[in-house]
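Worksheet: the structure to be examined is printed underneath.
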Amino acid sequence: MNSPSPDDLPPGPGGLPYRPCAGVVLIDARGRVFAGHRIDNPSDAWQMPQGGLDDGEDPRAAALRELHEETGIPPELCEIVAEAPGWLRYDLPPELLGRIWGGRYGGQVQKWFLVRFNGSDAQIDIATDHPEFDAWAWMTATEIRDRIVPFKREVYDAIFAAFRGHLADS
């Protein structure tokens, strides 16, 4: 589950590598967490902003880039408060293996950042060039955990435990 580096991991499911990613726990002034409803999932799946690292990209830079790409929030409205220790990973379930990310990855290995949003809700715009969400809301960690796809729950539990002191009561 936790790894010091994506390079230290053995192959994932199906012998496929893990996709290196950065994720953002975006909190408002009350410690509530931003969650977006996945546009590409027929179930009621919500998640926090996250995405793949470009070749040679620093995880912090990737986190802020992904946040902007998925929410329209520019970096100047954000403050990185903390970084989760190590890298967290999850395996794709068998039914998704070979079907997403061009079949190149068996799961993701993620570096997570706690980011404070210093703007207003009006500055959040999920109608981006390549939208990933069709709705968004501020939620408690428990509310998000209850709404994510099951194979990501263990990672979300670890993220929320790492940032617990900054999050609104669930």
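Values computed for the structure shown
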read-out	value
Pick from the range 4-22, criterion outside any helix (DSSP H, G or I) and in contact with a Pro (Cβ under 7 Å, 6 or more places away or on another chain), ranking: surrounded by the fewest Cβ atoms within 10 Å (Cβ to Cβ)	Pro11
Failed criterion for Asp55 (all others in (1) part of a helix (DSSP H, G or I); (2) modelled with pLDDT under 95; (3) among the charged types (D, E, K, R) hold)	(1)
Thr128 vs. criteria among the polar types (S, T, N, Q), crowded, with 17+ Cβ neighbours inside 10 Å and out of contact with any Phe, Trp or Tyr (no Cβ under 9 Å at 6 or more places or on another chain)	no
Of the criteria (1) in contact with a strand residue (DSSP E or B) (Cβ under 8 Å, 6 or more places away or on another chain); (2) of a type in the set (Ser, Thr, Tyr); (3) farther than 14 Å from Trp136 by Cβ, which one Ser43 fails	(1)
Boolean, Val81 is among the aliphatic types (A, V, I, L, M), crowded, with 21+ Cβ neighbours inside 10 Å and in contact with a Lys or Arg (Cβ under 6 Å, 6 or more places away or on another chain)	no
Matching entry among Gly102, Gly106, Gly98 (being loosely packed, with under 13 Cβ neighbours inside 10 Å and over 14 Å from the mean Cα position of the chain (by Cα))	Gly102
Count of residues meeting criterion [at negative phi and modelled with pLDDT under 95] in the range 65-86	1
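The values are calculated or read from the model by the stated rules, or taken from the named source; none is laboratory data. Everything numeric here is computed off the predicted structure, so don't read it as measured data. FYI the Cβ positions are ideal-geometry reconstructions off the backbone, even for glycines, and counts take in every protein chain you see.
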